[in-house]
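S.K.: First the structure, then my questions, so here it is.
The values are calculated or read from the model by the stated rules, or taken from the named source; none is laboratory data. Because the structure is a prediction, the values reported are computed rather than measured. Here the Cβ positions follow ideal geometry from the backbone for every residue, glycine too, while neighbour counts run over all protein chains shown. The accessibility values were calculated without ligands, DNA or RNA, using every heavy atom of the protein model including side chains. Shrake-Rupley method; radii C 1.70, N 1.55, O 1.52, S 1.80 Å.
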Amino acid sequence: MVFLNFFISGISLGSIYAIIALGYTMVYGIAKMLNFAHGDVIMVGAYVCFYAVARYELPPVLGVLIAMLLCTFLGIIVERLAYKPLRQAPSLAVLITAIGVSYFLQNAALLLWSSNPKVFPSIIGRGAYKLFDGALSVSHVTVLTIVTCLLIMIVLSLFINKTRLGKAMRACSEDKSAAQLMGINVNATISLTFAIGSGLAAVAGALLCSAYPTLMPTTGSLPGIKAFTAAVFGGIGSIPGAFLGGLMLGVIEIFAKAYISSQLSDAVVFAVLIIVLLVKPAGLLGKQVTEKV
Amino acid sequence: MRRLINLKRVEARRIYLTYFVVIAAYVICQTMSSTKMMSSSMRGMLVPICAYMVMAVSLNLVVGISGELSLGHAGFMSVGAFSGVATAILLQNLLPFAPVRLAIAMISGAVFAALAGFLIGIPVLRLKGDYLAIVTLAFGEIIKSILNNFYLGVDSAGLHFSMLSDTTRLLPGGQLIIRGPMGISRIMKIATFPAGFILVMIALAIVFNLVNSRFGRGFMAIRDDRIAAESIGLDVTKFKLTAFVMSAALAGAAGCLFSLNYSTIVANKFDFNTSILILVFVVLGGQGNMLGSIIAAAALTILPEKLREFSDYRMLLYAVILIMTMLITNNDNIKAFFQNILPGSKAKFQKEESDA
């Protein structure tokens, strides 16, 4: 039963990683860039949600929606101003710009909202379902997180595979110039990808801070790096891969905390990542690209 | 020496220019600091700047020359820092003469970091591109976690170490050197600016010699086309591993110099953000351009200090400057503009194009 408890909290943490990893993986798939500022969009989303719910006492659902809306805008603006002029630039220049954006968001948050940690009110209350005469307790946040993650996963898969816009996104990620020749607006598609990724980041921010209620300007960085690891774990660029990678990473992290050592849990997570990449160099579900000579 | 004379003139000129700039900067800074023309906050930054310069040069060997993105360079810095500082503390009574102790500590830091680089390099260098980058990031984090939980003590029976919690059980009179998350404290600050300058010169000499040797040509051949390089019989793993281990060793020495300038060091100081900071030096200075790395390292270490008058907006401004620099240096219109106003550069640019 203890094992099951750990497993469920692992799945819950993993669901949050999965939602963040989706944003990383979609942006990577289409723009071939590592968007290190993604973790900070989570933080912005969490702050917006915090102010909407705690200060202006809006209903939590509305708070999350506002956060999603603002983060979507933020994602589009950042893409337009910082990444779009660098479409043709070497990938390292884009990486550094993303890091610059990450610094910018963190320090802007520091100025706007100060470095004092804020206690995030859970968007769904702190109750828990008791199962098996209280031997297994699953908090509402956990259930909400897992359900949201599944929902996002299903909707996103349908969107990517069944709609015209999704088809355009797949085409762009495969070959940008060919997509352009087929009449797809590549720039708009990339903006759309950033918009979706940032919107998801806002949801992840609200869920993350509901489960771990300390909110600071640096809240997003570590989950951001972990989710990035999750995306690589599952095979970066692959959406089911991000889902699987996120879940596995969450479970491994919680188990490592519980059974090995809480101080070394990060080391265990990263060690598993390294082993996976050595066996499958493109991640669990990534496409192995054979080089033509 | 013969190799330097045999070099193509452009390359030789660039190498001498780099040495010249470093020496000139050292002489100017040394005079300014001894004639009290330099503020004390600037004087305190001289050694860290030297350490960051060496870090940037060593990372440039991996990122610029060898063409592999490494996001865990701070890991090697911390291995070097901890092993070097521990060595310095162990030798404190044996070697009262600080400069020798500093030199031995830096060598020890370099050796341990090189060992770590070798162990990490074997698995890591099988991967490519972004996957390699993420694995170096992972190793950086693992090194940080391990050092955060590492305890090392010394007593009359020798060295003792333990993980997770302090179970070294030192005899009375023993001394606990590395104390897990508390790191090492009460370090004697024996790092000096001249020592830093010498380390920068050594790092430059090693990297330039390596780059202009059989190895350097191998690195660049592999960077430009791995398959072609492999097909003419270059041992890709050996070459990549050489660059990686060399770079780790220099980072280790730099880490040792860096931490012997402070009284306390903790493993969290050398985290992902430090790795990124050094990568920023390399990219901003130009990949493969050692002088650029050195200037970028100095400029970006001083910049936050100089922006202090903007107080709270300091780091925000830093971020904006970083983004704007990347946007401007990669803007085609601005590149063309500079080629038009600098008549010499256009011809030079075209010549370089045709050379390449």
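S.K.: If residue B:261 satisfies all but one of (1) open to solvent by 20 Å² or more (accessible area, probe 1.4 Å); (2) in a helix (DSSP H, G or I), what's the number of the condition it fails?
M.R.: Tallying (1) open to solvent by 20 Å² or more (accessible area, probe 1.4 Å); (2) in a helix (DSSP H, G or I), residue B:261 fails exactly one: (2).
S.K.: Of all residues in segment B:284-303, count the ones that are within 11 Å of another protein chain (Cβ to nearest Cβ) and either polar (S, T, N, Q) or without any contact (Cβ under 8 Å) to a residue 40 or more places away in the chain (or both).
M.R.: 1
S.K.: Being at pLDDT 80 or above, surrounded by 16 or more Cβ atoms within 10 Å (Cβ to Cβ), among the β-branched types (Val, Ile, Thr) and assigned to a helix (DSSP H, G or I) is the requirement here; does residue B:47 meet it?
M.R.: yes
S.K.: Of the conditions (1) surrounded by 16 or more Cβ atoms within 10 Å (Cβ to Cβ); (2) modelled with pLDDT of 80 or more; (3) within 14 Å of chain A (Cβ to nearest Cβ), residue B:324 fails just one. Which one is it?
M.R.: (1)
S.K.: Just for segment A:191-214: of the residues that are surrounded by fewer than 23 Cβ atoms within 10 Å (Cβ to Cβ) and among the hydrophobic types (A, V, I, L, M, F, W, C), which one is nearest to residue A:70 (Cα to Cα)?
M.R.: A:195
S.K.: Of the numbered conditions (1) modelled with pLDDT of 90 or more; (2) surrounded by 19 or more Cβ atoms within 10 Å (Cβ to Cβ), residue A:99 fails exactly one; give the number of that condition.
M.R.: Result: residue A:99 passes all but (1).
S.K.: Now, a different point. Here's a check for you: in segment A:2-25, which residue that is at pLDDT below 90 and within 14 Å of chain B (Cβ to nearest Cβ) is farthest from residue A:238 (Cα to Cα)?
M.R.: A:24
S.K.: Could you name every one of the helices (runs of 4 or more DSSP H) located completely within segment A:209-293 that has at least 3 residues being at the interface with chain B (Cβ under 10 Å from one of its Cβ atoms)?
M.R.: A:221-234, A:265-279
S.K.: Could I ask something else about it? Cβ-Cβ distance below 6 Å, separation of 6 or more or different chains: which pairs start in segment B:107-132 with a residue that is within 14 Å of chain A (Cβ to nearest Cβ) and end on one that is open to solvent by less than 20 Å² (accessible area, probe 1.4 Å) and of a type in the set (Lys, Arg)?
M.R.: B:125/B:240
S.K.: Here is a further query. Answer yes if at least one residue in segment A:173-195 is closer than 12 Å to residue A:18 by Cβ, among the hydroxyl-bearing types (Ser, Thr, Tyr) and assigned to a helix (DSSP H, G or I), and no otherwise.
M.R.: No - not one qualifying residue is present in segment A:173-195.
S.K.: Can you tell me how many residues in segment A:9-33 are more than 30 Å from residue A:88 (Cα to Cα) and among the small types (Gly, Ala, Ser)?
M.R.: 5
S.K.: Check whether at least one residue in segment B:32-43 is more than 23 Å from residue B:213 (Cβ to Cβ), open to solvent by 10 Å² or more (accessible area, probe 1.4 Å) and at pLDDT 90 or above, and report yes or no.
M.R.: There is no residue in segment B:32-43 that is more than 23 Å from residue B:213 (Cβ to Cβ), open to solvent by 10 Å² or more (accessible area, probe 1.4 Å) and at pLDDT 90 or above.
S.K.: Continuing with the same structure: In segment B:267-283, which residues are more than 14 Å from every other protein chain (Cβ to nearest Cβ) and open to solvent by 10 Å² or more (accessible area, probe 1.4 Å)?
M.R.: Once the filter is applied, which keeps residues that are more than 14 Å from every other protein chain (Cβ to nearest Cβ) and open to solvent by 10 Å² or more (accessible area, probe 1.4 Å), segment B:267-283 yields only B:269.
S.K.: Could I ask something else about it? Quick check on my filter: what residues within segment B:305-321 are closer than 14 Å to residue A:110 by Cβ and either more than 10 Å from every other protein chain (Cβ to nearest Cβ) or more than 24 Å from the chain's Cα centre (by Cα) (or both)?
M.R.: Hits for segment B:305-321 are B:310, B:311, B:312, B:313, B:314, B:316, B:317.
S.K.: Still on this model: Considering each of B:159, B:164 in turn, give the residue that is hydrophobic (A, V, I, L, M, F, W, C) and within 14 Å of chain A (Cβ to nearest Cβ).
M.R.: The unique qualifying residue is B:164.
S.K.: Here's something else I'd like to know. Look through B:78, B:108, B:70 and report the one residue that is closer than 27 Å to residue A:265 by Cβ, among the polar types (S, T, N, Q) and part of a helix (DSSP H, G or I).
M.R.: B:78
S.K.: Could I ask something else about it? Of all residues in segment B:227-237, count the ones that are outside any helix (DSSP H, G or I) and open to solvent by less than 20 Å² (accessible area, probe 1.4 Å).
M.R.: 0
S.K.: Among the residues of segment A:230-263, count how many are open to solvent by 30 Å² or more (accessible area, probe 1.4 Å) and either at pLDDT below 85 or not aliphatic (A, V, I, L, M) (or both).
M.R.: Number of matching residues: 9.
S.K.: Is it the case that residue B:76 is surrounded by fewer than 16 Cβ atoms within 10 Å (Cβ to Cβ) and away from chain A (no Cβ under 14 Å)?
M.R.: Judged against the criteria, residue B:76 is not a match.
S.K.: Enumerate the helices (runs of 4 or more DSSP H) found wholly within segment A:26-121, keeping only those where 1 or more residues are over 23 Å from residue A:165 (Cβ atoms) and at the interface with chain B (Cβ under 10 Å from one of its Cβ atoms).
M.R.: Here the list reads A:91-113.
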